[in-house]
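> Here it is, the structure in full.
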Amino acid sequence: MLKLRLQRIGRKKRPFYRLVVMVNRTRRDGCPIDYVGYYDPILKQLNFNREKIVRWLSNGVQPTLTVKNLLKKSCIIE
């Protein structure tokens with residue numbers, strides 16, 4: 001099953017996340033299938049590729065709970 005989830009990059013105590021599509025059994029820092037955006041929790045900055053996310057969601061990709069909340073905040077899903 002494919003998941004839409006966050007992949008942590010960045011330094012210690014300075015998190016930065018990429019929004020990626022991955023197989024749910026791969027590790028957090030594993031090889032993603034597609035990059036669809038990023039999230040910076042320190043600057044509260046969201047940058048998502050709306051077209052790619054809608055396409056992946058229509059193909060049956062399940063977002064994690066955190067990603068689902070971020071997508072609601074950015075008005076991509078209801």
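The values are calculated or read from the model by the stated rules, or taken from the named source; none is laboratory data. Keep in mind the model is a prediction, meaning the values are calculated, not measured. Neighbour counts run over all protein chains shown; Cβ positions are idealised from the backbone, glycine included. Just the protein is used for accessible areas: all its heavy atoms, side chains included, with ligands, DNA and RNA removed. Shrake-Rupley method; radii C 1.70, N 1.55, O 1.52, S 1.80 Å.
> Note down all Cβ pairs under 6 Å where the first residue falls in the range 32-56 and is closer than 21 Å to LEU2 by Cβ and of a type in the set (Lys, Arg), the second is open to solvent by less than 60 Å² (accessible area, probe 1.4 Å) and assigned to a strand (DSSP E or B), and they're at least six residues apart or on different chains.
Pairs that qualify, where the first residue is closer than 21 Å to LEU2 by Cβ and of a type in the set (Lys, Arg) and the partner is open to solvent by less than 60 Å² (accessible area, probe 1.4 Å) and assigned to a strand (DSSP E or B), are LYS52/VAL36.
> Something else now. If I go through the range 27-44 residue by residue, how many of them are open to solvent by 50 Å² or more (accessible area, probe 1.4 Å) and either part of a loop (DSSP other than H, G, I, E, B) or over 15 Å from LEU71 (Cβ atoms) (or both)? Steps first, answer last, please.
Here is the first cut: in the range 27-44, the ones open to solvent by 50 Å² or more (accessible area, probe 1.4 Å) are 27-29, 31, 33, 35, 38, 42-44.
Now restrict to residues that are either part of a loop (DSSP other than H, G, I, E, B) or over 15 Å from LEU71 (Cβ atoms) (or both): 27-29, 31, 33, 35, 42-44.
Residues that pass the stated criteria total 9.
> I'd like to verify a number: residues in the range 63-76 that are over 16 Å from ARG18 (Cα atoms) and surrounded by 13 or more Cβ atoms within 10 Å (Cβ to Cβ), how many?
Just the residues of the range 63-76 that are over 16 Å from ARG18 (Cα atoms), to begin with: 72-73, 75-76.
Imposing the further condition that a residue be surrounded by 13 or more Cβ atoms within 10 Å (Cβ to Cβ) reduces the set to 76.
Residues flagged as over 16 Å from ARG18 (Cα atoms) and surrounded by 13 or more Cβ atoms within 10 Å (Cβ to Cβ) within the range 63-76 amount to 1.
> While we're on this one: Out of the range 7-24, which residues are of a type in the set (Ser, Thr, Tyr) and touching a helix residue (DSSP H, G or I) at 6+ places or on another chain (Cβ under 7 Å)? Give the steps one after another, and end with the answer.
Restricting attention to the range 7-24, the residues satisfying the condition of being of a type in the set (Ser, Thr, Tyr) are 17.
Of everything in the range 7-24, nothing turns out to be of a type in the set (Ser, Thr, Tyr) and touching a helix residue (DSSP H, G or I) at 6+ places or on another chain (Cβ under 7 Å).
> Separate question: Answer yes if at least one residue in the range 10-22 is modelled with pLDDT of 95 or more, surrounded by fewer than 13 Cβ atoms within 10 Å (Cβ to Cβ) and in a strand (DSSP E or B), and no otherwise.
Checked against the condition, which is being modelled with pLDDT of 95 or more, surrounded by fewer than 13 Cβ atoms within 10 Å (Cβ to Cβ) and in a strand (DSSP E or B), the range 10-22 yields at least one hit.
> Here is a further query. If I ask for residues that are more than 15 Å from ILE33 (Cβ to Cβ) and open to solvent by 40 Å² or more (accessible area, probe 1.4 Å), which ones from the range 45-62 would you list? If you could, list the steps in order and put the result at the bottom.
Residues of the range 45-62 more than 15 Å from ILE33 (Cβ to Cβ): 45-48, 50-51, 54, 58.
Of everything in the range 45-62, those that are more than 15 Å from ILE33 (Cβ to Cβ) and open to solvent by 40 Å² or more (accessible area, probe 1.4 Å) turn out to be GLN45, LEU46, ASN47, ARG50, GLU51, VAL54, SER58.
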